[in-house]
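Notes for the one structure printed next.
The values are calculated or read from the model by the stated rules, or taken from the named source; none is laboratory data. All figures in this text were calculated on a predicted structure; none of them were measured in a lab. Cβ atoms come from the backbone with ideal geometry, glycine included; neighbour counts cover every protein chain shown. Each accessible area value is taken on the protein alone, full model and side chains, heavy atoms only, with ligands, DNA and RNA left out. Shrake-Rupley method; radii C 1.70, N 1.55, O 1.52, S 1.80 Å.
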Amino acid sequence: VQLQASGGGLVQAGGSLRLSCTASLRAFSNYVIGWFRQAQGKEREFVAGMTRTGSSTSYADSVKGRFTISRDNAKDTVYLQMNSLKADDTAVYYCAVRTGTYVYTRPTNYDYWGQGTQVTVSS
């Protein structure tokens with residue numbers, strides 16, 4: 001199982017980035033997906049999640065209204081559109097998947113992880 005995240009980079013505050021995560025998974029559509037981030041010196045935190053069919057999404061309060069999670073099950077890919085970026089959004093971003101039905105916010109609830117992609121927002 002492999003999750004390959006991409007799309008990170010350096011952006012000015014107020015700018016946008018779109019992260020992608022492509023999975024080499026059998027039956028990708030059977031997995032709940034999540035995006036997490038970890039800033040230097042801090043714990044990994046939940047950013048956004050989506051159920052298997054995309055019928056339900058969940059966001060951290062800090063990103064609501066600015067970030068949008070989506071998935072394309074035909075391409076085994078999940079996306080995170082990030083708008084109005086702030087310096088506090090600077091972190092390594094990880095995609096993860098879990099079996100089951102619901103989105104959970106604890107990293108320990110996820111079964112497989114991508115390698116992470118760095119997002120740096122300059123103020």
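Annotations for the structure displayed:
- Residue check for residue 115: surrounded by fewer than 18 Cβ atoms within 10 Å (Cβ to Cβ), more than 18 Å from residue 44 (Cα to Cα) and in contact with a strand residue (DSSP E or B) (Cβ under 9 Å, 6 or more places away or on another chain): no
- Flag if residue 66 is modelled with pLDDT of 95 or more, crowded, with 16+ Cβ neighbours inside 10 Å and basic (Lys, Arg): no
- If you filter segment 42-61 down to residues that are part of a loop (DSSP other than H, G, I, E, B) and open to solvent by 60 Å² or more (accessible area, probe 1.4 Å), you find that the one that is nearest to residue 102 (Cα to Cα) is 52.
- Selection of segment 1-19 for residues being part of a strand (DSSP E or B) and either open to solvent by less than 60 Å² (accessible area, probe 1.4 Å) or of a type in the set (Gly, Ala, Ser) (or both) yields 3, 5, 6, 9, 11, 17, 19.
- Scanning segment 29-39 for residues that are of a type outside the set (S, T, N, Q), more than 12 Å from residue 54 (Cα to Cα) and either out of contact with any helix residue (DSSP H, G or I) (no Cβ under 7 Å at 6 or more places or on another chain) or not in a strand (DSSP E or B) (or both) yields 35, 37, 39.
- Among all residues of segment 69-83, there is none that is basic (Lys, Arg), outside any strand (DSSP E or B) and free of Cβ contacts under 8 Å to residues at least 12 places away in the same chain.
- If the condition is being loosely packed, with under 15 Cβ neighbours inside 10 Å and either among the β-branched types (Val, Ile, Thr) or over 19 Å from residue 41 (Cα atoms) (or both), then segment 82-99 contributes 83, 84, 99.
- Residue match in segment 20-38 (condition: open to solvent by less than 10 Å² (accessible area, probe 1.4 Å) and not hydrophobic (A, V, I, L, M, F, W, C)): yes
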